[in-house]
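Single-structure report; data block below.
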Amino acid sequence: MTEAAPMANGTRAQEPRLLGARTPRPRPPEEPRAGTQLGGVLKGLLKTARPKQWVKNLLVVAAPAAAGELVSRDALTRLPLVFALFTACAAAVYLINDARDADADRAHPTKRHRPVAAGQVPVPVAYAVGGTLAVLAPAAAAWLASPAVAALLTAYLGMQLAYCVSLKHVLVVDLVVVTTGFLMRAMAGGLALSIPLSRWFLITTGFGALFMVSAKRYSEAVQMAGKAGATRALLTEYTTGYLRFVWQLAAGVAVLGYCLWALEAGGDPHTGLLPWRQLSMIAFILAILRYAVFADRGTAGEPEDVVLRDRPLALIGLVWLAMYGLAVADW
């Protein structure tokens, strides 16, 4: 066989293939097994349900704890149920929201990794599971808890779905909706046990939630300044000065409401060994001031991380819980 003639640039032409030689065909990719595919979808659904956010639903114990009914038989049976039902409702909202925003999330630098946007969970599956949870949770509440809890969960779902569709694009209303979601969690435990909700409880809880929500928005606005498209679109409509005003106002009203509860006529400072009700004001105010440090720095974007990772704040919180418990127990 003659040698291939050299080309003009000094290289040799490729020798002709041998007769009868076959070019190997690439092996087609193996289809994922049904079990593996199903497991991936289930993991994606769980991730979409945001397990890290479930800690918010622990607020259902707030009203029973404030009334000193946390260790009663009804509380031990109904509060875990209410926690699970609120978790199911929140998961339904997350699933429907991610299914609705799948196309937009695919263009986002971080949200594109969400299971629905990434294709791990098909959009119809997310809609189906979210819709099922949204129907079953209030129905189970009406059967196992109380009609009041079922009505509260229905109102929560309607409000949150309206938020996903349009309310999250409305200035101020978006803050109110998120804050109301926290307040509804705190109310649910009281409604399940038929505990009257005091005005001071509602004021302190509501404005405490607004403080954390607006501090979170302020931190996001500070951290994402100048990074167009990297955060919530509505943040461009707020100014950092306005958000700072909101969290400062909310912190002040929350402190005022708590102090009025501690100093009201019904709280006798001589009932127990020490005036725990009044002393708990110190720990509460210190906790607000400590959290405000992170809000002012613009590092309160993840409230659960701030509370769990800052040891002084966690210690102050434990001291406040102890004082508050002693005050409720009249020890």
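The values are calculated or read from the model by the stated rules, or taken from the named source; none is laboratory data. Because the structure is a prediction, the values reported are computed rather than measured. Don't worry about glycine lacking a Cβ; one is built from the backbone with ideal geometry, like all the others, and counts go over all protein chains shown. All accessible areas refer to the heavy atoms of the entire protein, side chains included, with ligands and DNA or RNA removed. Shrake-Rupley method; radii C 1.70, N 1.55, O 1.52, S 1.80 Å.
Among the residues of segment 256-273 satisfying the criterion of being open to solvent by 80 Å² or more (accessible area, probe 1.4 Å) and not small (Gly, Ala, Ser), which is modelled with the highest pLDDT?
Checking each candidate, the answer is Leu256.
For segment 137-170, name all the residues that are assigned to a helix (DSSP H, G or I) and not hydrophobic (A, V, I, L, M, F, W, C).
Hits for segment 137-170 are Pro138, Pro147, Thr154, Tyr156, Gly158, Gln160, Tyr163, Lys168, His169.
Conditions: (1) more than 30 Å from Ala262 (Cα to Cα); (2) at pLDDT 90 or above. Val82 meets all but one. Number of the miss?
Of the numbered conditions (1) more than 30 Å from Ala262 (Cα to Cα); (2) at pLDDT 90 or above, the odd one out for Val82 is (1).
I want to confirm something. Restricting to segment 82-102 and keeping residues that are of a type in the set (Val, Ile, Thr) and touching a Leu at 6+ places or on another chain (Cβ under 8 Å), which single residue is nearest to Val125 (Cα to Cα)?
Here the answer is Ile96.
Out of (1) at pLDDT 55 or above; (2) part of a helix (DSSP H, G or I); (3) of a type outside the set (S, T, N, Q), what's the single condition that is false for Pro109?
Looking at each condition in turn, Pro109 falls short on (2).
Yes or no, residue by residue, for (1) part of a helix (DSSP H, G or I); (2) at pLDDT 90 or above; (3) among the small types (Gly, Ala, Ser); (4) surrounded by fewer than 14 Cβ atoms within 10 Å (Cβ to Cβ):
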residue: Gly20; (1), (2), (3), (4): no, no, yes, yes
residue: Glu31; (1), (2), (3), (4): no, no, no, yes
residue: Leu38; (1), (2), (3), (4): yes, no, no, yes
residue: Val41; (1), (2), (3), (4): yes, no, no, no
residue: Lys52; (1), (2), (3), (4): yes, no, no, yes
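Going by the conditions given, is Arg25 in a loop (DSSP other than H, G, I, E, B), open to solvent by 60 Å² or more (accessible area, probe 1.4 Å), more than 30 Å from Val306 (Cα to Cα) and at pLDDT 55 or above?
Yes: the conditions hold for Arg25.
Out of all the residues in segment 231-255, which are surrounded by 14 or more Cβ atoms within 10 Å (Cβ to Cβ), of a type in the set (A, V, I, L, M) and either within 23 Å of Leu321 (Cα to Cα) or modelled with pLDDT under 75 (or both)?
Once the filter is applied, which keeps residues that are surrounded by 14 or more Cβ atoms within 10 Å (Cβ to Cβ), of a type in the set (A, V, I, L, M) and either within 23 Å of Leu321 (Cα to Cα) or modelled with pLDDT under 75 (or both), segment 231-255 yields Leu234, Leu235, Ala250, Ala251, Val253, Ala254, Val255.
If I filter segment 68-82 for residues that are assigned to a helix (DSSP H, G or I), among the polar types (S, T, N, Q) and out of contact with any helix residue (DSSP H, G or I) (no Cβ under 7 Å at 6 or more places or on another chain), do I get at least one hit?
For segment 68-82, residues assigned to a helix (DSSP H, G or I), among the polar types (S, T, N, Q) and out of contact with any helix residue (DSSP H, G or I) (no Cβ under 7 Å at 6 or more places or on another chain): present.
Conditions tested, residue by residue: (1) under 17 Å from the mean Cα position of the chain (by Cα); (2) more than 17 Å from Ala90 (Cα to Cα); (3) without any contact (Cβ under 8 Å) to a residue 24 or more places away in the chain.
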position	(1), (2), (3)
Gly131	no, no, no
Ala140	no, no, no
Trp143	no, yes, yes
Ala151	no, no, yes
Cys164	yes, no, no
Leu171	no, yes, no
Ala186	yes, no, no
Gly190	no, yes, no
Ile195	no, yes, no
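On the basis of being exposed (fewer than 15 other Cβ atoms within 10 Å of the Cβ) and at pLDDT 95 or above, does Ala104 make the cut?
Details: exposed (fewer than 15 other Cβ atoms within 10 Å of the Cβ): yes; at pLDDT 95 or above: no.
In short, no.
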